[in-house]
Structures are given as C-alpha cells and as structure tokens.
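One structure is given here, and the rest of the page talks about it.
Each reported figure results from applying straightforward, stated rules to the coordinates on display, with no laboratory input. Values in this document were obtained by computation on a predicted structure and should not be read as measured data. Using ideal geometry, Cβ is built from the backbone for each residue, glycine included, and neighbour counts are taken over all protein chains shown.
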Amino acid sequence: MFIAFYTVNPDDYTSPKSYVVRIFRDDILIRTVSFPICNPHNRVKTLNQAYEFGRLAVREIMDKELAK
C-alpha cells in the first residue's frame with residue numbers, strides 16, 4: 001500500500017519556499033520530493049501548481065515502484 005503526504009517547508013512558515021512530498025510503501029519511506037513555490041503572493045495558483053506537479057510526479061514514482 002502506498003501513502004503520500006505533503007507538508008510546507010518548515011524553515012519559515014510565514015514565507016514557505018517549497019512543498020515537501022514523502023511517499024511511503026508499506027511503512028517504508030521510498031522517496032522525498034520537494035516542489036518549489038514559484039509565486040508566494042498568489043496562494044491559489046501556487047497550490048494548484050504544486051497539486052498538479054505532485055499528482056503527476058507521485059503517480060510516476062508509484063508506477064516505477066510497482067514495476068520493480
């Protein structure tokens with residue numbers, strides 16, 4: 001079973017610099033990916049970009065793991 005979750009870069013909560021995605025398979029960390037925040041002043045656009053990029057990247061990582 002795969003589990004993926006994301007957090008905001010914990011360095012500075014007032015001005016986050018990236019979203020961090022961690023992907024687990026059977027409680028073992030497989031991969032950690034960081035997605036930069038391109039426009040910190042437009043939160044909706046940034047969230048949409050991170051969501052789309054994360055969705056595509058996580059799917060690719062999961063497919064590669066299943067192929068092993």
What is the residue count in the stretch 14-68 for residues that are free of Cβ contacts under 8 Å to residues at least 40 places away in the same chain and outside any strand (DSSP E or B)? 33
So, in the stretch 35-52, how many residues would count as being loosely packed, with under 13 Cβ neighbours inside 10 Å and polar (S, T, N, Q)? 3
Collect the residues in the stretch 16-68 that are more than 17 Å from Ile3 (Cα to Cα), touching a helix residue (DSSP H, G or I) at 6+ places or on another chain (Cβ under 9 Å) and β-branched (Val, Ile, Thr), keeping them in residue-number order. Ile37
